[in-house]
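K.L.:
Dropping a structure here in C-alpha cells format, bear with me for questions.
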Amino acid sequence: MPGWSDKDERQYKHVRDSALESGKSKDRAEEVAARTVNKQRRKEGRTPQKSTQGTGNPNSSLEDRTVKELRNLAAEREISGRSSMKKAELVKALRND
C-alpha cells in the first residue's frame, strides 16, 4: 500500500495470515488486515486525512473547524437535522445548544 512502512507491511501480512488461519475468506482477511494497519497509522497521526475523525481542537473557534468536525460535535450533542446543515447553520446550532 502506498505510504505504508515496512513495519506496516509486516503487520498487514501477519494479521492477514492469522485471519486466514482462523477460517476467514481471503477478501475478508485482507480487509481486516488493512483496517488494522490503517487504524494504527491513524492513531499515530501518520495518515493525511487527520480531520476525518473527532471534533477538532477544542481551543479553536467553531468557524475554524471543518464541516465534518462540526457534524461530529453536533452528533455528540444530539442536534437533529445536522446532516443537511451547512457550516454556518451548524455553528449557529452548536452555539444555541
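The values are calculated or read from the model by the stated rules, or taken from the named source; none is laboratory data. Quick caveat, the model's predicted, so the values are computed rather than measured. In this analysis, Cβ positions are derived from the backbone assuming ideal geometry, glycine residues included, and neighbour counts consider all displayed protein chains.
K.L.:
Given the criterion surrounded by 10 or more Cβ atoms within 10 Å (Cβ to Cβ), at pLDDT below 90 and assigned to a helix (DSSP H, G or I), identify the matching residue among Ser18, Ser60, Ser51.
P.N.:
None of the others qualify; the one that does is Ser51.
K.L.:
Still on this structure, I have one more. Right, Glu69: without any contact (Cβ under 8 Å) to a residue 60 or more places away in the chain and assigned to a helix (DSSP H, G or I) or not?
P.N.:
The answer is yes for Glu69.
K.L.:
Hey, can you tell me all the residues within region 21-47 that are over 21 Å from the mean Cα position of the chain (by Cα) and surrounded by 14 or more Cβ atoms within 10 Å (Cβ to Cβ)?
P.N.:
Matches in region 21-47: Lys24 only.
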